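Undergrad: Sharing a structure with you now.
The values are calculated or read from the model by the stated rules, or taken from the named source; none is laboratory data. Because the structure is a prediction, the values reported are computed rather than measured. As a convention, Cβ positions derive from the backbone with ideal geometry for all residues, glycine included, and neighbour counts pool all protein chains shown.
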Amino acid sequence: MEPIGAYIHIPFCVKKCPYCDFYSLPLNEELVSAYVFSLCKNIKDLSRVYEREIDSIYFGGGTPNLIGVDNIGRILDAVHCGFKVLNPEITVEINPSAHTNIDFRKLKNTGVNRLSIGMQSINDNELFNLGRRHNSHDIKQTLYKAKNAGFYNISLDVMLALPNQKDEDLINSLSFCVENNLPHVSAYLLKIEKNTDFYKIKNILPLPDEERTADLYLLASDYLTSRGYEHYEISNFCRKGMESRHNLKYWNCDEYLGFGSSAHSFMNGKRFYYPRSIEKFIENPVYVMDSTGGDTKEFCMLRLRLAEGIKNEEYKQRFGENIPDIYYDRARKYVDSGLVSVDESGINLTPRGFLVSNALVVDIIY
């Protein structure tokens, strides 16, 4: 059987950002200790149920670095004790202010070998408008200390379609990534989610319209690809061979286990998750069954997020049949408009197609 991924949710933040809808709560040392204890027990318990090998571990949040290197090490020890871990990619999401409270050499000694830094922008005015607590100096210091400690597999987040965002603002952030020779960049469009502070003021936020949003997205794609990055997934770019191994499991419809409050899993054709409650998780972590997964339609939907798209050879290997002819027929309608590419090997969306991927996937697959 193929190795699985492990996702570990750390739901603590200094302060919730006004655009964030992820499950998080204020940092509390007592709560951190209880949560880490329950996490380690949960990992041990599930390892007895799923005797599988793991080759990727991802700490997401929240702000994982807030729990400290020692706690990250304890959690990793629990994973290694419960599962057989094979040459893993181990990623920790960190805040750009981490240079003030993280010993990066110590973090590297725990086995962590990849960092995902939530930069969002290198421009202080944009960071202020996003309600971020860090500034450009913090970003530079954290990156310097991380590299000096031996971290080279680093990803930076860049947000697109921000209020009043200008081309030069976006290029300034992207050029910072290129000039620092970072192997991975995640470029996300700002989405106004319900239950966020931005949602409450969405009618007065000076957000770009659809056409302007598309221009910014294509600007990012053109800028990075012209400088040696591969636009390998809707929101992700990398130097050759430096894709996020963990996130590829999601997009390839591969299996993974999620640990922690609000964490999701996909195992043995079933999807399940833990409720968004740290109290319930600490008291008694019981997951909720969500749905079945991994069928042909879901596989195609997820694969069309990748530049590689749906490959007939892989589809046939997984499902024992070719990609349905009807998918090809529907996809060909969008070839002339430059949204979709179709050939004998399969179907994939172009960068322009990524912009309207939801509509295209529904029409092609469903």
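Undergrad: Show the residue pairs meeting these rules: Cβ distance below 8 Å; 6+ apart or different chains; first residue within the range 151-168 and without any contact (Cβ under 8 Å) to a residue 24 or more places away in the chain; second residue surrounded by 14 or more Cβ atoms within 10 Å (Cβ to Cβ) and part of a helix (DSSP H, G or I).
TA: No pair meets every condition.
Undergrad: Could you check residue 21 against (1) closer than 16 Å to residue 264 by Cα; (2) in contact with a strand residue (DSSP E or B) (Cβ under 8 Å, 6 or more places away or on another chain); (3) assigned to a loop (DSSP other than H, G, I, E, B) and say which number it fails?
TA: Unmet condition: (2).
Undergrad: Within the range 219-277, which strands (runs of 3 or more DSSP E) (wholly inside it) include 3 or more residues that are in contact (Cβ under 8 Å) with a residue 60 or more places away in the chain and not hydrophobic (A, V, I, L, M, F, W, C)?
TA: 230-233
Undergrad: Of the residues that sit in the range 105-158 and are of a type in the set (S, T, N, Q) and in a strand (DSSP E or B), which one is farthest from residue 224 (Cα to Cα)?
TA: 116
Undergrad: Go through 284, 322, 358 for me and flag whichever is surrounded by fewer than 16 Cβ atoms within 10 Å (Cβ to Cβ), free of Cβ contacts under 8 Å to residues at least 12 places away in the same chain and touching a helix residue (DSSP H, G or I) at 6+ places or on another chain (Cβ under 8 Å).
TA: Sole residue among the options that is surrounded by fewer than 16 Cβ atoms within 10 Å (Cβ to Cβ), free of Cβ contacts under 8 Å to residues at least 12 places away in the same chain and touching a helix residue (DSSP H, G or I) at 6+ places or on another chain (Cβ under 8 Å): 322.
Undergrad: Here is a further query. Assuming residue 130 fulfils every condition listed in (1) among the hydrophobic types (A, V, I, L, M, F, W, C); (2) in contact with a Phe, Trp or Tyr (Cβ under 8 Å, 6 or more places away or on another chain); (3) surrounded by 21 or more Cβ atoms within 10 Å (Cβ to Cβ) apart from one, which condition is it?
TA: All conditions pass for residue 130, except number (3).
Residue by residue, here is whether (1) polar (S, T, N, Q); (2) under 20 Å from residue 56 (Cα atoms); (3) touching a helix residue (DSSP H, G or I) at 6+ places or on another chain (Cβ under 7 Å) holds:
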{"position": "75", "(1), (2), (3)": "no, yes, yes"}
{"position": "79", "(1), (2), (3)": "no, yes, yes"}
{"position": "87", "(1), (2), (3)": "yes, yes, no"}
{"position": "103", "(1), (2), (3)": "no, no, yes"}
{"position": "108", "(1), (2), (3)": "no, yes, no"}
{"position": "120", "(1), (2), (3)": "yes, no, yes"}
{"position": "127", "(1), (2), (3)": "no, no, no"}
{"position": "139", "(1), (2), (3)": "no, no, yes"}
{"position": "150", "(1), (2), (3)": "no, yes, yes"}
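Undergrad: Considering the range 55-80 alone, what residues qualify as being under 15 Å from residue 113 (Cβ atoms), surrounded by fewer than 22 Cβ atoms within 10 Å (Cβ to Cβ) and among the hydrophobic types (A, V, I, L, M, F, W, C)?
TA: Result: 69, single match.
Undergrad: Quickly run through the range 70-124 and pick out the residues that are basic (Lys, Arg) and touching a residue at least 40 places away in the same chain (Cβ under 8 Å).
TA: 105, 108, 114 - these are the residues of the range 70-124 that are basic (Lys, Arg) and touching a residue at least 40 places away in the same chain (Cβ under 8 Å).
Undergrad: Do you know which of the residues in the range 343-355 that are part of a helix (DSSP H, G or I) and not aliphatic (A, V, I, L, M) is surrounded by the most Cβ atoms within 10 Å (Cβ to Cβ)?
TA: Taking the candidates together, the pick is 353.
Undergrad: Across the range 159-201, what is the number of residues that are assigned to a loop (DSSP other than H, G, I, E, B), of a type outside the set (S, T, N, Q) and within 15 Å of residue 218 (Cα to Cα)?
TA: 4
Undergrad: Which one of 82, 111, 118, 62 is among the small types (Gly, Ala, Ser), over 19 Å from residue 12 (Cβ atoms), touching a strand residue (DSSP E or B) at 6+ places or on another chain (Cβ under 6 Å) and in the same structural domain as residue 159 (by TED's automatic domain parsing)?
TA: So the residue among 82, 111, 118, 62 that is among the small types (Gly, Ala, Ser), over 19 Å from residue 12 (Cβ atoms), touching a strand residue (DSSP E or B) at 6+ places or on another chain (Cβ under 6 Å) and in the same structural domain as residue 159 (by TED's automatic domain parsing) is 111.
Residues checked against (1) within 17 Å of residue 11 (Cβ to Cβ); (2) among the hydroxyl-bearing types (Ser, Thr, Tyr):
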{"residue": "49", "(1), (2)": "no, no"}
{"residue": "58", "(1), (2)": "yes, yes"}
{"residue": "68", "(1), (2)": "yes, no"}
{"residue": "72", "(1), (2)": "yes, no"}
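Undergrad: Within the range 325-342, take every residue that is touching a helix residue (DSSP H, G or I) at 6+ places or on another chain (Cβ under 9 Å) and in a loop (DSSP other than H, G, I, E, B) and give me the one that is farthest from residue 356 (Cα to Cα).
TA: Ranking the candidates gives 333 first.
Undergrad: So for the range 47-65 (the condition being assigned to a helix (DSSP H, G or I) and more than 20 Å from residue 264 (Cβ to Cβ)), does at least one residue qualify?
TA: The answer is yes; a qualifying residue exists.
Undergrad: Against the condition modelled with pLDDT of 95 or more, over 26 Å from residue 41 (Cβ atoms) and buried (at least 19 other Cβ atoms within 10 Å of the Cβ), how does residue 154 come out, does it pass?
TA: Criteria met by residue 154.
Undergrad: Give 193, 211 a once-over and let me know the one that is loosely packed, with under 15 Cβ neighbours inside 10 Å, more than 23 Å from the chain's Cα centre (by Cα) and of a type outside the set (S, T, N, Q).
TA: Selected residue: 211, the only one of 193, 211 that is loosely packed, with under 15 Cβ neighbours inside 10 Å, more than 23 Å from the chain's Cα centre (by Cα) and of a type outside the set (S, T, N, Q).
Undergrad: Run residue 87 past the list (1) buried (at least 21 other Cβ atoms within 10 Å of the Cβ); (2) touching an Asp or Glu at 6+ places or on another chain (Cβ under 9 Å); (3) not acidic (Asp, Glu) and report the number of the one that doesn't hold.
TA: (1)
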